[in-house]
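Heads up, the thing below is written out as structure tokens.
The values are calculated or read from the model by the stated rules, or taken from the named source; none is laboratory data. In this text the structure is predicted, and so the values were computed from the model without any measurement. All Cβ positions, glycine included, derive from the backbone under ideal geometry; neighbour counts span all protein chains shown. For accessibility, only protein heavy atoms count, side chains too; no ligands or nucleic acids. Shrake-Rupley method; radii C 1.70, N 1.55, O 1.52, S 1.80 Å.
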Amino acid sequence: MTFKKLLFVCMGNSCSSPMAETIMQTLMVKTSLYWEVDSAALRTWNIGRRPHKLCLKVLREHGLRSDHFCRLLTVQDFYYFDYIIAMNEHIFKELLLWADANRILHTSHVIMLGAYGKNGKSVSIIDLSPARKLKAFRNAYYQIKDCCKELILGEQVSIVRYDVPSTDDDEEEHAYQEKNMSHGDSTEGLDSPYSLAAPCQKSSSKNSLSPCSVCSIGMPQSNRKKLCHKCGQKFLAQL
């Protein structure tokens, strides 16, 4: 399997890019892809600080945490990372200008995360900043997660599925959904912390995927299963 190194970049490395870094790292663990993931800033505003409190809050709502400390993009990053991933079009254009100003000739690996929308369509990811409300951060979480999934699938990698016991975070998320449903609350909007609009592991059993003759999904003899591309797509969609 090809080892990849990814760097997410936003303006201050406080909102969008650390969120994307944490989401991608979590997907790496769940799909057994051992890629290196980091994030950086184009501005010095938050260097050495933790990500914005709303970014951390939304990550916690999904059972995730970030140990990242904001840092500045460097010239060396362009040579070290396989992909420099801009969080929006404005960042993408500035990255190209930044590279030109620093006489970096190789910029073909500079990409935009929003280009990896579902069904090959581009997505305009919400431009997060400290001035944004919590709802914007929650909506952006799902946009970023969907694009990260498509980016993984676009690399044509082999996904390995492990059947492991659910974590306490999974149980808390499931309990949150059950509580809302029992009170008749709507959870269809993306602004819900655990929106049912996004696929959830708890919503399907371990054997919800049909057995496949290629990768033997659903076979009980092993908790480790290397998935074919089609089954990998289905599994990733559930995460």
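Please go through region 15-37 and pick out each residue that is acidic (Asp, Glu) and either open to solvent by 20 Å² or more (accessible area, probe 1.4 Å) or in a strand (DSSP E or B) (or both). Even if it seems obvious, please write down each step before you answer.
At the first step, the residues of region 15-37 found to be acidic (Asp, Glu) are 21, 36.
Glu36 - this is the single residue of region 15-37 that is acidic (Asp, Glu) and either open to solvent by 20 Å² or more (accessible area, probe 1.4 Å) or in a strand (DSSP E or B) (or both).
Provide a single number: the residues in region 53-71 that are open to solvent by 70 Å² or more (accessible area, probe 1.4 Å) and either among the basic types (Lys, Arg) or closer than 29 Å to Ser108 by Cα (or both).
The total comes to 5.
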Single condition Val123 does not satisfy, out of (1) open to solvent by 40 Å² or more (accessible area, probe 1.4 Å); (2) in a helix (DSSP H, G or I): (2)
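Quick check on region 82-120: of everything there that is in a helix (DSSP H, G or I) and either in contact with a Cys (Cβ under 9 Å, 6 or more places away or on another chain) or open to solvent by less than 30 Å² (accessible area, probe 1.4 Å) (or both), which residue is nearest to Lys5 (Cα to Cα)? Even if it seems obvious, please write down each step before you answer.
Taking region 82-120 first, the residues in a helix (DSSP H, G or I) are 89-101, 113-115, 118-120.
Remaining after also requiring either in contact with a Cys (Cβ under 9 Å, 6 or more places away or on another chain) or open to solvent by less than 30 Å² (accessible area, probe 1.4 Å) (or both): 91, 95, 99, 113-115, 118.
Details: Ile91: 19, Leu95: 17, Ala99: 18, Leu113: 15, Gly114: 18, Ala115: 18, Lys118: 23 Å.
Taking the candidates together, the pick is Leu113.
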Among residues of region 13-42, those that are out of contact with any Leu (no Cβ under 8 Å at 6 or more places or on another chain) and of a type outside the set (S, T, N, Q), counted: 5
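Within the group Arg50, Arg60, which residue is free of Cβ contacts under 8 Å to residues at least 40 places away in the same chain, among the basic types (Lys, Arg) and touching a helix residue (DSSP H, G or I) at 6+ places or on another chain (Cβ under 8 Å)? Spell out how you get there, then give the answer.
Details: Arg60 fails: touching a helix residue (DSSP H, G or I) at 6+ places or on another chain (Cβ under 8 Å).
Answer to the selection: Arg50.
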Per-region count, region 79-134, residues among the aliphatic types (A, V, I, L, M) and more than 20 Å from the chain's Cα centre (by Cα): 8
Candidates Leu113, Leu95, Leu128, filtered to the one that is in contact with a Ser or Thr (Cβ under 6 Å, 6 or more places away or on another chain) and in contact (Cβ under 8 Å) with a residue 40 or more places away in the chain: Leu128
So Arg50, is it modelled with pLDDT of 95 or more, open to solvent by 60 Å² or more (accessible area, probe 1.4 Å) and part of a helix (DSSP H, G or I): no
So Cys15, is it over 21 Å from Val123 (Cβ atoms), touching a Ser or Thr at 6+ places or on another chain (Cβ under 7 Å) and at pLDDT 95 or above: no
First in region 64-84 and within 15 Å of Gly48 (Cβ to Cβ), second anywhere and of a type in the set (Phe, Trp, Tyr) and buried (at least 16 other Cβ atoms within 10 Å of the Cβ), Cβ under 8 Å, 6 or more apart: Leu73/Trp98
